[in-house]
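To start, the structure itself, in structure tokens.
The values are calculated or read from the model by the stated rules, or taken from the named source; none is laboratory data. Note that this is a predicted model, so its numbers are computed, not measured. All Cβ positions, glycine included, derive from the backbone under ideal geometry; neighbour counts span all protein chains shown. Heavy atoms of the whole protein, side chains included, go into the accessibility calculation; ligands, DNA and RNA do not. Shrake-Rupley method; radii C 1.70, N 1.55, O 1.52, S 1.80 Å.
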Amino acid sequence: MTSLDQGDLKIVRSTTWSAGPGCHGGCGVELHVRGGRLVKIEGIPDHPYNLGTLCPRALALREYVHAPDRLQHPLIRTGLRGSNSWRQASWNEALDLIEQRLKSIRDRHGAESTLFVQGTGRDVGGWLVMLAYNFGSPNWLQSLPGNSCYHPRLLAMKIAMGDYVVPDSSQFSGLRYDDPEWQISECYLVWGQNSVATCNDGLHGHWIVHALKRGSKLVVVDPNYNWLASRATIWLPIRPGTDGALALGMLNVIINEGLYDKEFVDRWTVGFDELRQRVQDYPLSRVSEITWLPVEKIAAAARLYARSKPSALQWGVPVDFAPEGLTVALAINSLWSITGNIEKPGGMVVARPAFGVTSYPMSQAAIAAMYGDAMPKEQLAKRIGIDRYPIARDLHWRAQPDAVIDQVFSGEPYPVKASFIAGTNFVVGAQDPRRWRKAFETLEFNVVVDLFMTPTAMALADVLLPSSSFAERDGVRAWWSPLTAQNRALRVGECRSDAEICFDLARRLNPKFRYRTLEDVYRFFLEPSGISLEQIRDKGWIYPPKGSPAAPYARHERGLLRADGKPGFDTPSGKIELNPSRMKEWGYDPLPSYTEPTYSPQSTPDLAKEYPLILNTGSRSIAFFHSELRNIPSMRAINPDPQVQIHPDTAKRYGVRNGEWVWIENQFGRIKMQARYSMVHPALVLTQHSWFYPERVRDDKDFGAYEANGNVLIPGGLHSKTGFGGAQVKSLLCRIRKVEDDGR
Ligand SMILES: Nc1nc2c(c(=O)[nH]1)N[C@H]1C(S)=C(S)[C@@H](COP(=O)(O)OP(=O)(O)OC[C@H]3O[C@@H](n4cnc5c(=O)[nH]c(N)nc54)[C@H](O)[C@@H]3O)O[C@H]1N2
Ligand SMILES: Nc1nc2c(c(=O)[nH]1)N[C@H]1C(S)=C(S)[C@@H](COP(=O)(O)OP(=O)(O)OC[C@H]3O[C@@H](n4cnc5c(=O)[nH]c(N)nc54)[C@H](O)[C@@H]3O)O[C@H]1N2
Ligand SMILES: [Mo]
């Protein structure tokens, strides 16, 4: 039952995802609506994903949905860009204008000259790709240098194993922890993730808490003594950006001490001997020098991880941000592979969409199945960056962001003229954000879709469209198992979901668009499942049955991972490739190796004399989602000011007391933040990211976006040579200075 009417109170069951808490989501919630207003939100106690728990951001949904500064009508710019001059327009007028301008640009410069830009994986990307492909442009992208968020990890897994794996918290079974097949992970290794505050893709942070309560031993690789680190059996306070070396060091211990799973390695992997040879270059003495971790601790962590059966490993975005993030991810991938923790209860399990249903395409093949007829081959070949990055060409599905920005400025091989920007605030959140802003300022026409006025909308939008929170959306969330539904609880102003907006525009821009209604699109997505739209909406969530390809375990033995139905993994060799053959074909070293951060005490010792501290940006606050929610009073109360965490000893050396404001400066700029004593590594300065001040809308059109935003201190163009990873936002150099009363 999805909706219950009790007099004037309506209770609607839905699933969190994007706008509201912001997250990648999946929590089951009950939305209580009275008189057209959301009055309460609660976690559904028997929902198998969140088991009733909710984060503070979700609990603040009432404030978010009814925030006084919500955009509620389409706006058309009347003054100069950035001048905050707009007039309200009807949807028809706004969409007419967009249609006319984009068609004119398409006629003059080709569809490829329009970019379709998103931020992180919201309930936006699937719709943007629909719009882009039906408009005729292959240039759909994420606004993040090096695609440095999850894509390096996803691609490393795809390359080595042909699939994506995640730690098994029995999330693919409706019985959850009561499933008799499931087992508790004896060891849980959390690598660079503050999971309890960030709930990343496919993982509800609380699942790790459940594991700890059930007796899992915890190993934490993190330079900050965060909540998880404080509960760890072994805490490895690593020097930021050196995770590749640590992974190779752990592999060295596991291989040389014979702690790997010999049977699994023999039967299901290739390249072990080459890997064995490579790790000899990483004796613990060297790894210790690089990572600043004691030899004994690295060895102890490797032994605990490898001897525990099963072991789970959850990794975070610092892996992607490491220089050559994709290579680091390959090394970590080898850890769970050679210890045989694959497709085992409590180990790592392949994450497949339930019933084969996808609404958020993660491959060119998936896009082709959805909208393939919309894009001829020669048009697909114009995807920006595929000439420079062979992995992007062969295995990815978007334009490469760094190549896009370069092309906007160079106009080569073809000009970029327009953009459709939805669900991203890159004028704040991208590295070297001013360069991103400048690039888009050169375009003839920009559309922005957001829920609020942001620095990006203010600086760039010619037309600004109001999007909706998840509570205002109907839909099917088909990402990984289980299949879940979103049910609309209310409407706010004239706001529309990204699905509705992109659908209308796709119909206008492609006369041959194959769907007549948005529901037709959902019905098409659901086709492989045999489940009807009504069924999934009514039930809320549905798990695929045991034994099906989306349900673990041992699918490689049962021939469920490959298209040809043979046992093995979906790689060219059918095995997990520890030295992936395709890496060789693309011209890269197939074996993992370590790359030092571009700016560090080791690689730039002279610079380090001037900037002796390590700058680490973007440690997430549970109150915010990137640049979002600074305008939500109860979230801002948790975290009123932009914070930088500094070890008390370090702070005292610079004469800085807890709560005082400091300048953080390096060769790229300076920002101002409030110092918070914390138990971070003493060499570190750990800042929040993407701060701006929404309250300044009247007197500061930049909203202070470059005042307390770590991205000002990070150069663009630091991405990996593979095109995936390496934005290095966690490993630069800086110094701090107390802000004196006169601001000097
Ligand atoms: N509340 C909230 N949740 C979020 C987001 C948000 O903005 N707010 N953002 C979402 C998005 S898009 C993402 S990508 C995820 C990211 O979420 P996480 O993967 O958790 O990423 P971070 O918070 O950047 O860092 C996690 C931990 O890594 C540590 N760390 C920093 N540098 C390094 C390093 O070089 N090596 C290692 N081993 N550890 C390091 C930090 O101290 C921190 O404790 O969160 C998602 N969830
Ligand atoms: N220095 C530093 N910078 C970082 C990071 C870091 O760790 N350090 N992390 C990086 C990472 S991992 C990522 S993924 C990026 C994220 O970058 P972005 O995804 O660009 O992050 P946000 O600042 O949350 O901007 C999203 C915007 O979309 C709007 N929005 C939210 N939901 C919806 C929706 O459903 N529809 C529409 N149309 N709009 C919506 C929000 O109001 C907000 O203005 O930031 C990156 N930036
Ligand atoms: Mo991200």
Can you pull out the residues in segment 593-632 that are within 16 Å of ligand 3 (Cβ to nearest atom) and either within 17 Å of the chain's Cα centre (by Cα) or open to solvent by 20 Å² or more (accessible area, probe 1.4 Å) (or both)?
T617, G618, S619, R620, S621, I622, F624, F625, H626, S627, E628
Pair list, Cβ under 6 Å, 6 or more apart: segment 376-396 residue closer than 22 Å to F135 by Cβ, other residue at pLDDT 95 or above and open to solvent by 60 Å² or more (accessible area, probe 1.4 Å)
I386/R393
Yes/no for A160 being open to solvent by 10 Å² or more (accessible area, probe 1.4 Å), aliphatic (A, V, I, L, M) and touching a strand residue (DSSP E or B) at 6+ places or on another chain (Cβ under 6 Å):
no
Report whether or not I332 is open to solvent by 10 Å² or more (accessible area, probe 1.4 Å) and either in contact with an Asp or Glu (Cβ under 6 Å, 6 or more places away or on another chain) or not aromatic (F, W, Y) (or both).
no
Restricting attention to helices (runs of 4 or more DSSP H) lying wholly within segment 346-395, give those where 2 or more residues are open to solvent by less than 50 Å² (accessible area, probe 1.4 Å) and under 23 Å from R122 (Cβ atoms).
364-371, 390-395
Just checking, which of S285, S230 is among the hydroxyl-bearing types (S, T, Y), over 18 Å from E596 (Cβ atoms) and away from ligand 3 (no atom under 16 Å from the Cβ)?
S230
Residues located in segment 601-640, provided they are closer than 21 Å to P56 by Cβ and without any contact (Cβ under 8 Å) to a residue 60 or more places away in the chain:
R636, A637, N639, P640
For segment 475-498, check the following and say yes or no: at least one residue is among the hydrophobic types (A, V, I, L, M, F, W, C) and under 23 Å from K103 (Cα atoms).
no
Going through segment 230-268 one residue at a time, which ones are acidic (D, E) and in a loop (DSSP other than H, G, I, E, B)?
E257, D261
The lone condition L131 fails out of (1) within 28 Å of D432 (Cβ to Cβ); (2) open to solvent by 10 Å² or more (accessible area, probe 1.4 Å) is (2)
For segment 170-186, enumerate the residues that are within 20 Å of L236 (Cα to Cα) and open to solvent by 20 Å² or more (accessible area, probe 1.4 Å).
E186
Return the residue satisfying two criteria in turn: it lies in segment 50-63 and is crowded, with 22+ Cβ neighbours inside 10 Å and within 20 Å of the chain's Cα centre (by Cα), and of such residues it is farthest from ligand 2 (Cβ to nearest atom).
N50
Any residue at all in segment 640-647 that's of a type in the set (V, I, T), within 14 Å of ligand 2 (Cβ to nearest atom) and modelled with pLDDT under 95?
no
Which residue, of G423, G385, G411, is within 17 Å of L115 (Cβ to Cβ) and within 16 Å of ligand 3 (Cβ to nearest atom)?
G423
Could you tell me whether G205 is of a type outside the set (F, W, Y), within 9 Å of ligand 1 (Cβ to nearest atom) and open to solvent by less than 10 Å² (accessible area, probe 1.4 Å)?
yes
Where W479 falls short, out of the listed (1) surrounded by fewer than 23 Cβ atoms within 10 Å (Cβ to Cβ); (2) within 16 Å of ligand 3 (Cβ to nearest atom):
(1)
Kindly provide the set of residues from segment 134-152 that are touching an Asp or Glu at 6+ places or on another chain (Cβ under 9 Å), within 16 Å of ligand 1 (Cβ to nearest atom) and open to solvent by less than 10 Å² (accessible area, probe 1.4 Å), ordered by number.
P145, G146, N147, S148, P152
The condition of being within 26 Å of the chain's Cα centre (by Cα), open to solvent by less than 10 Å² (accessible area, probe 1.4 Å), under 28 Å from K575 (Cβ atoms) and touching a residue at least 24 places away in the same chain (Cβ under 8 Å) holds, among L228, L236, L189, L218, only for L189
I'd like to verify a number: residues in segment 124-155 that are within 29 Å of L561 (Cβ to Cβ) and within 16 Å of ligand 3 (Cβ to nearest atom), how many?
12
Out of curiosity, is Q688 touching a residue at least 40 places away in the same chain (Cβ under 8 Å), away from ligand 3 (no atom under 16 Å from the Cβ) and open to solvent by 10 Å² or more (accessible area, probe 1.4 Å)?
no
State which residue is farthest from the chain's Cα centre (by Cα) when the search covers only segment 113-126 and only residues that are away from ligand 1 (no atom under 16 Å from the Cβ), at pLDDT 95 or above and surrounded by 24 or more Cβ atoms within 10 Å (Cβ to Cβ).
T114
Report whether or not G574 is open to solvent by less than 30 Å² (accessible area, probe 1.4 Å), within 16 Å of ligand 1 (Cβ to nearest atom) and out of contact with any strand residue (DSSP E or B) (no Cβ under 6 Å at 6 or more places or on another chain).
no
Quick one: which residue in G215, G249, G241, G258 is modelled with pLDDT of 95 or more and within 16 Å of ligand 2 (Cβ to nearest atom)?
G241
Somewhere in segment 37-46, is a residue basic (K, R) and surrounded by fewer than 19 Cβ atoms within 10 Å (Cβ to Cβ)?
yes
Quick one: which residue in D520, D504 is open to solvent by 10 Å² or more (accessible area, probe 1.4 Å) and in contact (Cβ under 8 Å) with a residue 24 or more places away in the chain?
D504
Taking segment 311-325 and the residues there that are part of a loop (DSSP other than H, G, I, E, B) and open to solvent by 10 Å² or more (accessible area, probe 1.4 Å), the one that is nearest to ligand 3 (Cβ to nearest atom) would be V317
I need every pair where a residue in segment 650-676 that is within 19 Å of K609 (Cα to Cα) has its Cβ under 9 Å from the Cβ of a residue that is aromatic (F, W, Y) and open to solvent by less than 40 Å² (accessible area, probe 1.4 Å), sequence separation at least 6 or different chains.
E665/Y611; N666/Y611; Q667/Y611; G669/Y706; R670/W663
Give me a count of the residues in segment 98-112 that are open to solvent by 10 Å² or more (accessible area, probe 1.4 Å) and touching a strand residue (DSSP E or B) at 6+ places or on another chain (Cβ under 6 Å).
1
Let me confirm something: among E494, E444, which residue is within 21 Å of P68 (Cα to Cα), surrounded by fewer than 19 Cβ atoms within 10 Å (Cβ to Cβ), in contact (Cβ under 8 Å) with a residue 60 or more places away in the chain and out of contact with any Gly (no Cβ under 9 Å at 6 or more places or on another chain)?
E494
